[in-house]
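Notes follow once the structure below has been shown.
Only the coordinates and a few stated rules stand behind these numbers; no lab work does. This one's a predicted model, so the numbers in the text were calculated from it and none came from an experiment. We place every Cβ from the backbone using ideal geometry, glycine too, and count neighbours over all the protein chains shown.
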Amino acid sequence: MLINWRNRPIKFLIHPDPRLKRIAELVDFSKVTLDKRVAIVRKMGIALATTKDGMRLGIAAPQIGINLRVIIVRGNVMFNPQWHPTNAPPETIIEGCYSVPKKLFKVPRAKYGWAKWTNIEGKPFEDKITGLPAIVFQHELFHLDGKCLPEYGEEIKNEKIIQGIASSNYSSENNKT
């Protein structure tokens, strides 16, 4: 029984849960031990791995009730991420979200940008991010800033469109992050 309890799925908070509106706090590496950081990332990984929906592209700590600036984007763990988008006009992307199940939204996203973050050990990174990773990064960063798709996206309500997108193989246009 202990094994089953320890491996139980971790539930995503569902919009409009007020905890999703909080601005996540910076992770202070001098106060949050490596063991604690590992525990946070494990919980996030379990939540992502045990969900039955979506493509498991990303998760933000606030989605599971941890109010810290931690995201996972396509397997990359990022603490205290920052984003500087291109000045080019944004693209309209169709996304889903674990905190807003069974719904899709049109949202504007930068095609690419420059990201800064710190890894779990405290080492800083900086990189240009493009394509699907850039879309997922922006989506998860919005969660850290207390935003969820219904607040900044346009919900797609046409069931035929939703079914068509859900059955397609458009990895960059059908994101559930």
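The distance separating the Cα centre of segment 113-148 from that of segment 53-97 comes to 6 Å.
Relative to the Cα centre, what is the charge dipole magnitude of segment 16-176, using +1 at the beta carbon of each Lys and Arg, -1 at the beta carbon of each Asp and Glu, and rounding to the nearest 20 debye? So the dipole magnitude of segment 16-176 works out to roughly 280 debye. Debye-formula intensities of segment 22-158, expressed as log10 I(q)/I(0) at q = 0.15, 0.22 Å⁻¹, are -0.71, -1.47 (one equal scatterer per alpha-carbon, no solvent).
Looking at segment 84-140, which trypsin sites (Lys or Arg not before Pro) are in a loop (DSSP not H, G, I, E or B) and have at most 15 other Cβ atoms within 10 Å? List each step's numbers first, then the result.
Details: sites: K102, K103, K106, R109, K111, K116, K128; in loops: K111.
Passing both the DSSP loop test and the Cβ count: K111.
Placing dummy labels 7 Å off each Cα toward the beta-carbon, the span from K111 to N87 is 1.5 nm.
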